[in-house]
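One structure below.
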Amino acid sequence: MVNGRYNPHHWRGFHTRGVLGVIVFLVILAAVCPGFGPRSDNVGIVHRPRPSLMDPLQSPQLITFWTEFEKRLLEAKPDGAPVRPWRAVSFGEEQADPNTAVRLNYIKMDENDIKALSVSHRRMVGSLVQLAPQLPYERGTRGIVMSAGGKYFGVAITSIRMLQRSGSKLPVQVFLDTWDDYDVIGCEHILPSLNARCFVLAEIWSKAQSHVSLEKYQYKVLALVFSSFEDIIFLDADAFPAHDPDYLLDVEPFLSTGLVTWPDFWISTSSHYFYEIAGLDVPPLTMRACSESGIMIYSKRMHADSLLLSVYYNYYGPSHYYPLLSQGAPGEGDKETFLHAALALGKSFYDVRTPVSVMGDWVDGEWYSAGMKQADPAKDWAIQRGNQTSQKQNETAAIAISAINSDGTKSGAGKPPPSRDFARPFFIHNNIVKLNVQHLFEEPTHWANKETGHFIRLWGDADGVINEFGYDVEHVLWDEIVIAACDFEKTVCEKAKTYFQAVFPER
């Protein structure tokens with residue numbers, strides 16, 4: 001690196017020697033230390049680090065807590081029939097005008113099923129009075145939490161590099177689903193150098209002799225529960241801040257609410273039955289857009305109970321709460337469970353009102369979406385507090401603009417709203433083009449102009465990016481991708497360097 005930029009002569013020699021040195025080191029260590037290295041079990045060959053590296057998942061307090069919580073979770077199992085919409089919400093219906101649309105309802109429930117689910121919900125909420133104060137975490141700590149199981153580990157490496165590049169000093173806990181996801185080089189050498197550590201969720205299942213069976217999309221909430229931090233900035237593996245996020249834990253809206261969420265592109269598609277079951281009034285569609293869970297900020301001190309209720313929503317999500325909260329709409333899953341858990345308990349939270357917008361560019365006359373931009377919550381809070389008289393107008397405009405920007409084929413998609421009533425973009429969520437340093441360029445249509453064959457930027461011209469973020473964040477991102485790719489594999493390293501030098505020539 002020279003003045004913060006990539007220097008090909010520096011990295012050509014360093015990474016060849018560095019990777020070979022790590023491999024030789026691991027071979028020698030495996031030979032002299034019988035407890036180190038791969039071991040075989042019924043799921044294949046895996047590597048398990050020393051037990052001391054697995055803290056906090058081997059904490060006796062956490063194991064005791066989870067054992068009791070699991071008991072209450074299973075006792076609250078709904079007795080009614082599974083919830084199934086008779087049809088799914090369509091993409092077009094999600095983009096309706098909230099001022100004229102009516103709340104959709106494609107679910108039929110009889111009175112007995114409604115009553116059974118209401119009883120289950122009340123039973124779980126009642127258990128939280130005792131359980132929430134017992135949730136273990138280290139008081140006064142704060143950090144970043146990521147879930148990066150399966151194919152997302154290489155994506156997380158890029159995001160953590162960008163997190164550090166932003167200036168963040170917060171430690172990072174990366175949660176993997178199973179030992180199959182554990183990468184020795186990544187977890188024991190690359191991540192520690194970035195102030196990050198790996199934790200394997202399967203560890204607590206074995207220690208607690210758990211009977212709970214979960215799918216991968218239900219693990220995110222458990223990463224939040226099992227993290228040792230009190231204050232958490234949660235990021236999906238493919239999300240990162242363009243600016244230093246550490247200050248967000250010291251300002252509003254986090255200080256007074258303890259939970260900050262961001263919007264998705266569309267209107268709410270939650271069924272009125274959910275609100276009836278939770279004992280809530282049905283909110284108007286103009287109240288807020290649907291929620292996006294790729295970025296959240298949590299205080300366990302203030303929201304231990306709502307966090308645990310979201311575990312209940314996710315555990316019984318596929319059978320009951322995912323359909324109730326989304327009705328089969330695109331993206332159905334855990335996204336609505338966090339905000340609605342706080343809503344059900346009457347807890348304070350802040351849902352950012354500046355709309356999400358699209359990262360992307362035109363390629364050969366066709367729009368390609370690459371990701372999402374989410375706003376600075378502190379600036380959004382200040383704007384909303386200064387514009388209370390026009391708040392309803394702002395909320396409606398936010399949802400309408402989001403709907404336009406979510407459709408990449410429409411002219412002007414991805415452009416920021418030209419209004420002082422919206423905060424600057426702060427987080428980037430690469431939810432479409434996965435910048436996985438281990439598998440770059442596997443979707444060639446994103447990287448080159450089909451007519452000329454020339455490599456292209458993913459997020460549009462540099463001036464537009466600089467205007468939004470204050471600097472060329474895409475250039476900086478690729479600076480970090482090259483370094484990360486060269487930590488893993490020579491072929492990908494060379495491809496990344498070729499792309500970088502073609503698209504971001506030195507100025």
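Key figures
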item: Among the candidates ASP334, ASP351, residue that is open to solvent by 10 Å² or more (accessible area, probe 1.4 Å) and within 17 Å of ASP236 (Cα to Cα); result: ASP334
item: Among the candidates PRO56, PRO82, residue that is surrounded by fewer than 12 Cβ atoms within 10 Å (Cβ to Cβ) and either among the basic types (Lys, Arg) or modelled with pLDDT of 55 or more (or both); result: PRO82
item: Selection status of LYS392, surrounded by fewer than 20 Cβ atoms within 10 Å (Cβ to Cβ), at pLDDT 90 or above and over 19 Å from ASN431 (Cα atoms); result: no
item: Check on SER270, assigned to a loop (DSSP other than H, G, I, E, B), in contact with an Asp or Glu (Cβ under 6 Å, 6 or more places away or on another chain) and buried (at least 19 other Cβ atoms within 10 Å of the Cβ); result: no
item: Residues located in the stretch 126-154, provided they are closer than 27 Å to ALA329 by Cα and open to solvent by 40 Å² or more (accessible area, probe 1.4 Å); result: LYS151, TYR152
item: Listing of helices (runs of 4 or more DSSP H) fully contained in the stretch 154-265 that carry 3 or more residues being touching a residue at least 12 places away in the same chain (Cβ under 8 Å) and under 24 Å from PHE349 (Cβ atoms); result: 220-226, 254-257
item: Residue in the stretch 354-372 that is most open to solvent (accessible area, probe 1.4 Å), counting only those that are farther than 19 Å from GLU94 by Cα and not aromatic (Phe, Trp, Tyr); result: GLU366
item: Residue match in the stretch 130-138 (condition: under 23 Å from VAL225 (Cβ atoms), modelled with pLDDT under 95 and acidic (Asp, Glu)); result: yes
item: Odd one out for ASN105 among (1) on the phi > 0 side of the Ramachandran plot; (2) modelled with pLDDT of 90 or more; result: (1)
item: Matching entry among GLU138, GLU68 (being among the charged types (D, E, K, R) and assigned to a helix (DSSP H, G or I)); result: GLU68
item: Residues of the stretch 462-494 classified as polar (S, T, N, Q) and either in contact with a strand residue (DSSP E or B) (Cβ under 6 Å, 6 or more places away or on another chain) or buried (at least 19 other Cβ atoms within 10 Å of the Cβ) (or both), total; result: 0
item: Residue count for the stretch 225-267, restricted to those that are surrounded by fewer than 20 Cβ atoms within 10 Å (Cβ to Cβ), touching a Gly at 6+ places or on another chain (Cβ under 9 Å) and within 26 Å of ASP472 (Cα to Cα); result: 3
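One line per residue, one yes/no per condition, for (1) charged (D, E, K, R); (2) under 24 Å from THR141 (Cβ atoms); (3) free of Cβ contacts under 8 Å to residues at least 12 places away in the same chain:
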site: ARG288; (1), (2), (3): yes, no, no
site: ILE295; (1), (2), (3): no, yes, no
site: TYR298; (1), (2), (3): no, yes, no
site: ARG301; (1), (2), (3): yes, yes, no
site: PHE338; (1), (2), (3): no, yes, no
site: ALA341; (1), (2), (3): no, yes, no
site: PHE349; (1), (2), (3): no, yes, no
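The values are calculated or read from the model by the stated rules, or taken from the named source; none is laboratory data. Since we're looking at a predicted model, the values are computed, not measured. Glycine also receives a Cβ, built like all others from the backbone with ideal geometry; neighbour counts cover every protein chain displayed. Ligands, DNA and RNA are excluded from the accessible area calculation, which covers all protein heavy atoms including side chains. Shrake-Rupley method; radii C 1.70, N 1.55, O 1.52, S 1.80 Å.
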